[in-house]
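Here's the structure, in structure tokens; my notes come after.
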Amino acid sequence: MKKVLLLFTVLAVCSCNDDTIIPTEQISPLVRSVNIIDGTIVDHTYEIKNDTTRTLAFRDEAAFETVKRTLLQMNEEDRKNYSSRYGLVNISKIAEIADEELEEIGASCTTMENFVHAYNALKIKYMNILVSNKHDSTDLSLYVPASDDENVYPYITGINHKIVIGNKIIDLQFYDRVNKSDSINFIHTDSHKSGMRRSRATDNEMNWDINSFVEQDNGKKVSFSASIEGDHIKFHFGAQKKMWYGWKRDNDRDLYFRLPSLSGMTFDRISAGLFEMENPDLTYWLGGVVKFGSIDLNVGRWTVQPAPSLYSCNVTGKIYVWTDMTVDKDANGNVIHYMEPLPYIDPNTGEPAYLETNYPSLSNNKAYVCKLALTQ
């Protein structure tokens, strides 16, 4: 895991002095940055009191809906950075900063007593901004709280939970619980909390987990679950690592998975942002530069089952999952790679071309596995 040296923390960001100046140019005619002071919108001011007052103001309801649609088309990183152009540190970005601070605390503390003291101070610092996993005291991460629109609200508001539409101040509703995505990936059932090794490809398939697993190896945890959401199938992956007496989100993992058999749905790797490997067949990954601590992939639509099927949706199959911790390695611990041509269109000529891509070797007996059986 890369060690991140924080040049400032969220409190520094959220405690700008009165001399701080925001850019005067209008980035978008639809949105501007204002302050809300004592319940009043303070417009056309270049003084920023602090991030308890900083608020995004949308020209009108139509502008707000336009920005929402734009956000939903962005990837997670762009969405997280959206409000920074207006000088606002949003809730999602604050969670990222807090995670980096937790990373540093874990690395710098030399005793359990030091860590507990520093960690408790971190929790107090982000009280009423972020939330903890109340179901598991060993989960040290702090999370974005649940809200009425988790794909939008955490990216457009700061710690005051407000926006302005027209001339009206709107309070966005957040709740004292972990957001849905992180709940799926990190709040595990009692049967999974032990994090012990469960299913392997070499085990009898009758003993494989169904639709989800939580695996623990050498201070690393990986979780998977599959779900039906509307007419789509989603795969959810989470990664954690050991830190002192507990676990925290691990943002430095690679992810690979294979679907050797799948029926009842149309798999769409393009929409999911996945690359496909030729060997072994039907193996997918997020790309060498993409790391995950948690990720939710919309992997396709389920197929309506014809009568006399008991279910309109009946997705079945198997999934094999690897991270960079479980890929094949030689006797010296070095990852075993093979080269594979990746087809693409040359932007200069417009002609098909191939890029030699370096893939890790993946063995089934090292994969985490489970059966897929999704019905409704």
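Key figures
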{"quantity": "The range 182-223, subset among the aromatic types (Phe, Trp, Tyr) and at pLDDT 90 or above, residue surrounded by the fewest Cβ atoms within 10 Å (Cβ to Cβ)", "calculated": "PHE213"}
{"quantity": "Members of the range 345-376 that are open to solvent by 30 Å² or more (accessible area, probe 1.4 Å), in a strand (DSSP E or B) and not aliphatic (A, V, I, L, M)", "calculated": "PRO352, TYR354, GLU356, ASN358, LYS371, THR375"}
{"quantity": "Qualifying residue in the range 143-166 (condition: at pLDDT 90 or above, among the small types (Gly, Ala, Ser) and on the phi > 0 side of the Ramachandran plot)", "calculated": "yes"}
{"quantity": "So GLY293, is it open to solvent by less than 30 Å² (accessible area, probe 1.4 Å), at pLDDT 90 or above and either β-branched (Val, Ile, Thr) or closer than 23 Å to HIS232 by Cα (or both)", "calculated": "no"}
{"quantity": "Complete set of residues in the range 133-181 that are open to solvent by 30 Å² or more (accessible area, probe 1.4 Å), touching a helix residue (DSSP H, G or I) at 6+ places or on another chain (Cβ under 9 Å) and of a type in the set (Ser, Thr, Tyr)", "calculated": "THR138, TYR153"}
{"quantity": "Listing of strands (runs of 3 or more DSSP E) fully contained in the range 9-90 that carry 3 or more residues being at pLDDT 85 or above and open to solvent by less than 40 Å² (accessible area, probe 1.4 Å)", "calculated": "31-37, 54-58"}
{"quantity": "The lone exception for TYR175 - which of (1) at pLDDT below 95; (2) not in a loop (DSSP other than H, G, I, E, B) it fails", "calculated": "(1)"}
{"quantity": "Answer residue from the range 317-344, given it is of a type in the set (Asp, Glu) and either in contact with a Lys or Arg (Cβ under 9 Å, 6 or more places away or on another chain) or surrounded by 11 or more Cβ atoms within 10 Å (Cβ to Cβ) (or both) and is modelled with the highest pLDDT among those", "calculated": "ASP328"}
{"quantity": "Count - residues of the range 120-176 that are without any contact (Cβ under 8 Å) to a residue 60 or more places away in the chain, more than 24 Å from GLY39 (Cα to Cα) and not basic (Lys, Arg)", "calculated": "14"}
{"quantity": "Number of the condition not met by ASN128 [criteria: (1) open to solvent by 50 Å² or more (accessible area, probe 1.4 Å); (2) at pLDDT 95 or above; (3) of a type in the set (S, T, N, Q)]", "calculated": "(2)"}
{"quantity": "Test: residue in the range 238-260 that is at pLDDT below 85 and of a type in the set (Phe, Trp, Tyr)", "calculated": "no"}
{"quantity": "Flag for TYR119 being surrounded by 13 or more Cβ atoms within 10 Å (Cβ to Cβ) and either on the phi < 0 side of the Ramachandran plot or part of a helix (DSSP H, G or I) (or both)", "calculated": "yes"}
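The values are calculated or read from the model by the stated rules, or taken from the named source; none is laboratory data. Given the structure is predicted, the values throughout are model-derived calculations rather than measurements. In this analysis, Cβ positions are derived from the backbone assuming ideal geometry, glycine residues included, and neighbour counts consider all displayed protein chains. Heads up: the accessible areas ignore ligands, DNA and RNA and are worked out on the full protein's heavy atoms, side chains in. Shrake-Rupley method; radii C 1.70, N 1.55, O 1.52, S 1.80 Å.
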